[in-house]
Amino acid sequence: MANHADTSTDAPVRKRKKMSAGRILAWAVMIAFLILSLFPFYWMLRTALSTSRSLSSDPSSLLPVDFTFGAFERVLGLATQEEAIAEGGSGASVNFWLYLRNSVIYAGAVTLGQVFFSAMAAYAFARLRWPGRNLVFGIFLGALLVPPIFTSLPNFLLIKNLGLLNTFPGMILPTFLMTPFAIFFLRQFFLGINREIEESASLDGAGPWRTFFRIILPMSTAPITTLGILTFITTWNDYFWPLLVGNSEGTKVLTVALGVFRSQTPAGSPDWAGLMAATLVAAVPVLILFFMFARKIIDSIGYSGSK
């Protein structure tokens, strides 16, 4: 009679981790940091769901004061001026959908252009051999040390002389082609790609352009997506440059419009509920974009961590 092997000894024995004092402390610290990180967003939501007139009566309440969706209705243009004033709003109109469209055009165009041209420049610095390559790249890295505020005035004068004030091209052009950070970011990734892949493509008759578009770009979707999201969020939150060159109604972006909305105060008090509601709604496109490409970002981090 065959002896049956005891399979219980073959299976790995999972030892239950004991909750030591150190682990409990680590979890407590992590939860505390999580609460501290999310609390400002909750406070924005609490303020947006309150009436501006009632906020001053109970400013320390953790729950919405005189709960209402009126702030969101004002932001989306669904409330009348009388209803806005009754809830403590300024009665000022916010053309939210127009400003949202302007922000999408501005951030989307800058992101597409910057990522595309930076990818080509990064490939040239990483793979192509040409005289002065390292010197030019060093100059590009040196540009990272120059604060953006120092280049705002020359860029503004250039855009003004070109007659592009209060136009989308004037807002987009200074950062449309490339930035030093974007080139450095993608160059580091391209340096990690095995050269044998390009050599095999060269043996098959593929030139640099075909290799870049048919092989390198498809292999680099994770870092390119990550750079695209970072560029989009940075451009979406940009305030100073759009304020300088795009202050007309046709080009005004959400960040500038929110600043104007805050300045339209009833009796010296800002419409905090409306401002918080507008800020939350303006953050929705960025959150959607982030969750859509979250896996690509994780893949990019995993790749960089494995090198």
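Restricting attention to the range 223-253, which residues are crowded, with 20+ Cβ neighbours inside 10 Å and under 18 Å from residue 149 (Cβ atoms)?
Listed by number, the residues that qualify are 235, 238, 241, 242, 245, 246.
Which count do you get for residues in the range 51-76 that are open to solvent by less than 30 Å² (accessible area, probe 1.4 Å), aliphatic (A, V, I, L, M) and assigned to a loop (DSSP other than H, G, I, E, B)?
Residues in the range 51-76 being open to solvent by less than 30 Å² (accessible area, probe 1.4 Å), aliphatic (A, V, I, L, M) and assigned to a loop (DSSP other than H, G, I, E, B): 1 in total.
Just name the residue that is farthest from residue 212 (Cα to Cα) out of those in the range 103-143 that are among the polar types (S, T, N, Q) and open to solvent by less than 60 Å² (accessible area, probe 1.4 Å).
Taking the candidates together, the pick is 103.
Here's the yes/no breakdown for (1) at pLDDT 80 or above; (2) more than 17 Å from residue 76 (Cα to Cα):
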| residue | (1), (2) |
| --- | --- |
| 247 | yes, yes |
| 252 | yes, no |
| 263 | no, yes |
| 267 | no, yes |
| 270 | no, yes |
| 273 | yes, no |
| 277 | yes, no |
| 281 | yes, no |
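Take the range 201-220 and flag every residue that is open to solvent by 60 Å² or more (accessible area, probe 1.4 Å) and modelled with pLDDT of 85 or more.
Hits for the range 201-220 are 209, 210, 213, 214, 218, 219.
Assess whether residue 143 counts as being in contact with a Pro (Cβ under 6 Å, 6 or more places away or on another chain), over 24 Å from residue 108 (Cβ atoms), of a type in the set (Gly, Ala, Ser) and not in a loop (DSSP other than H, G, I, E, B).
Spelling it out, residue 143 is indeed in contact with a Pro (Cβ under 6 Å, 6 or more places away or on another chain), over 24 Å from residue 108 (Cβ atoms), of a type in the set (Gly, Ala, Ser) and not in a loop (DSSP other than H, G, I, E, B).
Could you tell me how many of the residues in the range 20-50 are part of a helix (DSSP H, G or I) and either in the same structural domain as residue 273 (by TED's automatic domain parsing) or hydroxyl-bearing (Ser, Thr, Tyr) (or both)?
Going through the range 20-50 one residue at a time, the tally reaches 3.
Please work out if residue 249 is over 22 Å from the mean Cα position of the chain (by Cα), of a type outside the set (Phe, Trp, Tyr) and assigned to a loop (DSSP other than H, G, I, E, B).
yes
Conditions (1) free of Cβ contacts under 8 Å to residues at least 24 places away in the same chain; (2) of a type in the set (Val, Ile, Thr), marked per residue:
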{"residue": "107", "(1), (2)": "no, no"}
{"residue": "113", "(1), (2)": "no, no"}
{"residue": "131", "(1), (2)": "yes, no"}
{"residue": "137", "(1), (2)": "no, no"}
{"residue": "140", "(1), (2)": "no, no"}
{"residue": "143", "(1), (2)": "no, no"}
{"residue": "146", "(1), (2)": "yes, yes"}
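Going by the conditions given, is residue 184 under 20 Å from the mean Cα position of the chain (by Cα), in the same structural domain as residue 124 (by TED's automatic domain parsing) and open to solvent by 60 Å² or more (accessible area, probe 1.4 Å)?
Here the answer is yes, as residue 184 does meet what is asked.
Does residue 89 count as at pLDDT below 90, over 23 Å from the mean Cα position of the chain (by Cα), outside the structural domain of residue 237 (by TED's automatic domain parsing) and not β-branched (Val, Ile, Thr)?
Answer is yes for this residue.
The values are calculated or read from the model by the stated rules, or taken from the named source; none is laboratory data. For clarity, every value in this text was computed on a predicted model and none was experimentally measured. All Cβ positions, glycine included, derive from the backbone under ideal geometry; neighbour counts span all protein chains shown. Each accessible area value is taken on the protein alone, full model and side chains, heavy atoms only, with ligands, DNA and RNA left out. Shrake-Rupley method; radii C 1.70, N 1.55, O 1.52, S 1.80 Å.
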